[in-house]
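Just below is one structure, and these are the notes that go with it.
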Amino acid sequence: MESWSKIHLKGTVLQLYIQPGASSNKLSGTYGERLKVKIKSPPRDGEANAGLIEFFAELLKVSKSKIFLIRGESSRQKDLLVELSIDEVLILLRELL
């Protein structure tokens, strides 16, 4: 298990550090104990949060309805709940890191 991933009753929690307004959407290593994610969407009116959920839905091959922002709505430090097992999430994300 990675420091930025936690088991949750409903799936997996990803602890993220977000850089909004980037040139592209991509995983960018770690930032402390969090997975660093660059998001193209700007940090206004929830656009970066929506872009983050859409990006992870594509990465993890799930619908957006299976991903929830559970912490950090207006912060760069965010926690996402993904309704997949931690093993499934880590297999998919490790290929991209």
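The values are calculated or read from the model by the stated rules, or taken from the named source; none is laboratory data. Note that the coordinates shown come from a computational prediction; the quantities given were computed from them, not determined experimentally. Positions of Cβ are generated from backbone atoms using ideal geometry, with glycine treated the same way; all protein chains shown enter the neighbour counts.
Please specify each residue of the stretch 55-78 satisfying the condition of being exposed (fewer than 13 other Cβ atoms within 10 Å of the Cβ) and among the small types (G, A, S).
S63, S65, S74, S75
Every residue in the stretch 32-49 that is at pLDDT 95 or above and either closer than 15 Å to L93 by Cβ or of a type in the set (K, R) (or both), please.
Those that are at pLDDT 95 or above and either closer than 15 Å to L93 by Cβ or of a type in the set (K, R) (or both): R34, L35, K36, V37, K38, K40.
Any chance the stretch 86-97 includes a residue that's of a type in the set (K, R) and in contact with a helix residue (DSSP H, G or I) (Cβ under 8 Å, 6 or more places away or on another chain)? Break it down stepwise before answering.
Taking the stretch 86-97 and keeping what is of a type in the set (K, R), we get 94.
Subsequent filtering for residues that are in contact with a helix residue (DSSP H, G or I) (Cβ under 8 Å, 6 or more places away or on another chain) retains none.
No, the stretch 86-97 has no match at all.
Of the residues L92, L81, L52, which single one is at pLDDT below 95, surrounded by 14 or more Cβ atoms within 10 Å (Cβ to Cβ) and aliphatic (A, V, I, L, M)? Walk me through how you get there before you give the answer.
Values: L81 fails: at pLDDT below 95; L52 fails: at pLDDT below 95.
Matching residue, one of L92, L81, L52: L92.
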